[in-house]
Structure formats: structure tokens, C-alpha cells
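Each reported figure results from applying straightforward, stated rules to the coordinates on display, with no laboratory input. None of the values given here were measured: they were computed from a predicted structure. Cβ sites come from the backbone with ideal geometry, for glycine too, and all protein chains shown count toward neighbours.
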Amino acid sequence: MAKLKKSYFCTACGNESPKWVGKCPACGAWNTYTEEIVAAKSSPLTTNNFFSASASSGERNRPIPVHRVERSALQRIDLLNHEANRVLGGGLVPGSLVLLGGEPGIGKSTLALQIAVRMADTPILYVSGEESPEQIKMRADRIGVSNEQCLLLSETSLENIITQLTETAPELVVIDSIQTLYSERVESSPGSVSQVRECAAMLLKYAKETRVPVLMIGHITKEGSIAGPKILEHIVDVVLQFEGDSNNAYRILRSIKNRFGATNEIGVFEMLNDGLREVDNPSEILVSHYDEPLSGIAIGATIEGVRPFLLETQALVSTSAYGTPQRSATGVDYKRLNMLLAVLEKRLGFKLGTKDVFLNLAGGFRAADTGLDLAIIAAIISSGLDIALDPDICFAGEVGLSGEVRPASRTEQRVSEAARLGFRTVVVSGYARKALNHAPKGIEIIYVNRVDELARRVF
Ligand code: TYD
Ligand code: MG
């Protein structure tokens, strides 16, 4: 028997090394190398030799002048799901390989199955390596089936899946999940770096050659112990991430990489008993309405991708019971919070050195938008002074280290969204005046240039 060839792979980035190393030279992660058997078996693929046949046939790809490439080839497939279409940039591109990543239990299978069973009259093959057809059927019944052409296959062998794909010729393929698949051509176990890479490469080839789009689910674990989507990110065309707090019903679908559209686009869903509801108007769920005004709450006007919406920021400033004050930020960058606190201390003389500060974005939402700075500062001042803000006021502006308020990107869209939702006042940077020449009627705009002005004019 031939000696097995072994190699070491970084489970974080997929880098290969002939020797075990403590620190990955490619991504810098520590203790991520695992041993895997890499020698491919000599026996070729048995399934009609789908790939080798197409490669050796007389028909070879030839270069085409760019103006002669047919436009129709870019026609997108409507997933009959507004939020998913939006994140993909207007639907699924034929022949694309899409990775849907997320933590276990977040709802990836539910989303993929929902798309599959609701796309009426489209032949779809839903392959699950995790659940039996009976289990999938139970879930499908919850969601409601309207596509009778959706076929279920419980299979983990890539070669068998390819055989079924060539026989059934679907128009969309769902793979749940890439970590459960194995190819006979690789010795190592399912979920290992070499298996995941091999299976994904094969599916990519299938997608490109048949122009059938493949939606592939991938798990991310907190420890990164399974070969995670990091390795796959380079292979696939689109990376979507499904995220949310499992204690909360709201889920965000985010595009991290998209060869056919904008990234940072988001889709918002709510997990209900009968599947995922598409949330057209995120502001409604992210801004709560209280019977009486509460201190520590400020509404920020934010933008994700091209979509403006309003978000509730909540702060609690209280006297620290212990020597070292606590700082906690949920949904926003911890370092950003510390910076804003330092600005408040230095520019407003707000004494926070002996105070605990907790900051939270409502609905389990995460945002990296610096245009929320002004709302965060307003929430902290409101809690520190214990004065509630007017519920009809919202904020959009970035705060710099000198305490200056800079315009948030696309301030005019944020203001329009606030006006649409019935807010009466919006506080923005004085430097955004020009952009707001055509501000919507019926909304008062307060311009502030520095954070101390904010404190004087709003409280
Ligand atoms: P699932 O799609 O299995 O998660 P993943 O594939 O990402 O691991 O779904 C996870 C949760 O969703 C599970 O706890 C049950 C819940 N759920 C609902 O609340 N409503 C539904 O209609 C369905 C199908 C699932
Ligand atoms: Mg699942």
C-alpha cells in the first residue's frame, strides 16, 4: 500500500504547510494547524465523468470581444424574497456559487429551504447532509410549500450529488452544508480543510459549466474548529452572512463579498413560527415606542449599504460600585465607545472616570456606522443627566477627536428617512448644510458643529 501523504492546514485561513507550525505565517492565528491526509485516490470520478468529459471535449472556450458578450447571460433569477434579492444585488446570477454562513441555529437552513419551497414552478434540488427528508419535510410544512418541483436529497457524497444533479437538471441547487460533504478523491474526513476546499471547488465547476446557481450553507463556530467559510471566501462569488442574537427574533442577512453587486447591503428578517418574515421597514422594529419618555435613549439615523433606517441607542451611566469603572458596548465597537467617552470628558467636562457606562443597540443589531456617534453621545448625556430626550428627535453625525461634529455619509437620505417616519427634529453636522438644501418639508434641522453645542441646544 502506498504511503499516505500528509500535510498541515490552518483551519482559520486554509494555508498549507508541510510541517506543523504554532503560528500561521499567512494569517497570524495561533495553534490552528491540523494534520490531514491529502493524497488523492488514483481512481477517477465514476459519475459519468462529468467534469473530465467537458474538459476534454472538442468545444473549448475562446476569447470573445467584450461588446459581443450577450447581455441575456446576466439575467438574474428572482428568489421571490425581497430581502434576499436585495442583498444579492437584485437576484441570483446564473452560474454563481453563493456561500451562506452563520452560527449554528441562526436560521440558515430555514432561509434556504424557505426560498426553495416558495419559488413556485422552479425545479430545485435541496441537498442536505444533516437532515433526513422527513425532517426537512416537517420544517417545510411549517413554512408552507408552494413549489411542487422542489426535490429533497439526503446525501453527503459529492460524487453521488453530482450524479443526481446531472440526472435531475435543477435550476437552483441548495447544499446544506458544505462541512458535511466528502469527496472520494480526498482521504481526510468531512469538514476538514482539504475536503471543504475540494468539494467547494467541484461545486464551483458544476455551477460555472452548467450555469446553475448553487447556494451553499457553511457553519462558523466560535472556536473556528471546523474549516470555516474563511477558506471558502476566496473560492465563491458571493458570501452572505446570516447573523443575529439567538435570544432575539430579528436576523440580518449581510453581503460580505459580492462579485455581482454592492457589499454591505443588508436584508432584515424576523424568525416566526412559520418561517422567516421579510421586514420591509426595519425602522419600525428597531425603534420602540414608549408610553413615557425615558432617559438614556436616543434615536440615530443610520445607513447600511444604500438603505437608511433608524436605530435606537440606549445608554446607562451609573456610579461605579468598584474601583475600576465598567464599560460595555453591545452592537457597537468597544473602542469607539471609549473614544466617545474620552471626547465627552475632555470637551464637555463630563466626569465619567468613576462611572460605569453601558451602551446597547436595540434589537440585537450591530452597526459600524460612525454616523451614529452623535446619537450615542446624546444617549450618554441623557442618561448621565437623567433627562429624557424628546421622542420626536433623532441624530445623524460623526464625532471627531476634537469634539467636532462631521457630516454623516449621505445625510440627506438619513434625514428623509427620519421625515418619512414622522420625526419632527433631526440634529446633524453644521457642515452638512449644503447637502441639505432640499431637505424634506415638515422636519426641523438643528445644525451643530461641536459636541458642546449639542449639549446646549438639545438638553
Ligand atoms: P435552522 O434553520 O435549523 O438553523 P441553522 O440551519 O442555521 O442551524 O433554524 C434554527 C431555529 O429556527 C430553530 O431553533 C427553530 C427556529 N425556527 C423557527 O423559529 N420558526 C420556523 O419556522 C423554523 C423552521 C425554525
Ligand atoms: Mg441547518
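Most simply put, the range 77-280 has about 40% antiparallel DSSP beta bridges, counting only bridges with both residues inside it. Per-residue ellipticity at 222 nm computed for the chain from its helices equals -8000 deg cm²/dmol, with DSSP H segments shorter than 4 residues left out and the rest contributing -39,500 (n - 2.57). Using a cutoff of 8 angstrom between alpha carbon atoms and counting only pairs six or more residues apart, the relative contact order for the chain works out to 12 percent. For the chain, the average shadow cast by the Cα convex hull is 28.1 nm², which is a quarter of the hull's surface. Each of Met216, Met202 was scored by other Cβ atoms within 10 Å of its Cβ. Arranged with the fewest first, they read Met202, Met216.
Approximating the spin labels as points 7 Å out from Cα along Cα→Cβ, the Lys208-to-Arg68 distance works out to 2.2 nm. A quarter of the convex hull surface defined by the alpha-carbon atoms of the range 146-251 gives 8.1 nm² as the mean projection. Measuring nothing but how far apart in sequence close Cα pairs (under 8 Å, 6+ apart) lie, relative to its length, the range 285-458 scores a relative contact order of 25 percent.
The shape of the range 77-280 comes out rounded: with a ≥ b ≥ c from the C-alpha gyration tensor, a/c is under 1.5. The mean of 1/r over all pairs of different alpha-carbon atoms in the range 285-458, once inverted, gives a Kirkwood hydrodynamic radius of 15.9 Å.
Bridges between two residues of the chain, per DSSP, are antiparallel at a rate of about 50%.
Any idea what the relative contact order of the range 77-280 is, in percent, if you count C-alpha pairs under 8 Å spaced at least 6 apart?
Answer for the range 77-280 is 29 percent.
Residues whose amide H comes within less than 5 Å of that of Glu155, counting only those at least five positions distant or on another chain, are Ser128, Gly129 (H built at 1.01 Å from N in the peptide plane). Ranked by how many other Cβ atoms sit within 10 Å of their own Cβ, fewest first, the residues Glu312, Glu148, Glu284 fall in the order Glu148, Glu284, Glu312. Unpaired Cys in the chain, meaning no second Cys C-beta under 4.7 Å: Cys150, Cys199, Cys394.
Panel order for Val212, Val93, by other beta carbons found within 10 Å of each beta carbon, from fewest to most: Val212, Val93. Compared with the direct C-alpha span, the chain from Asp78 to Asn338 gains 89.2 nm at full extension, assuming 0.36 nm per residue.
Once backbone amide H atoms are built at 1.01 Å from N, Val93 has Ile77 as its partners under 5 Å, excluding neighbours fewer than 5 places away on the same chain.
The loop-placed chymotrypsin sites (Phe, Trp or Tyr not before Pro) in the range 299-369, going by DSSP, that have at most 10 neighbouring Cβ atoms within 10 Å of their Cβ come out as Tyr322.
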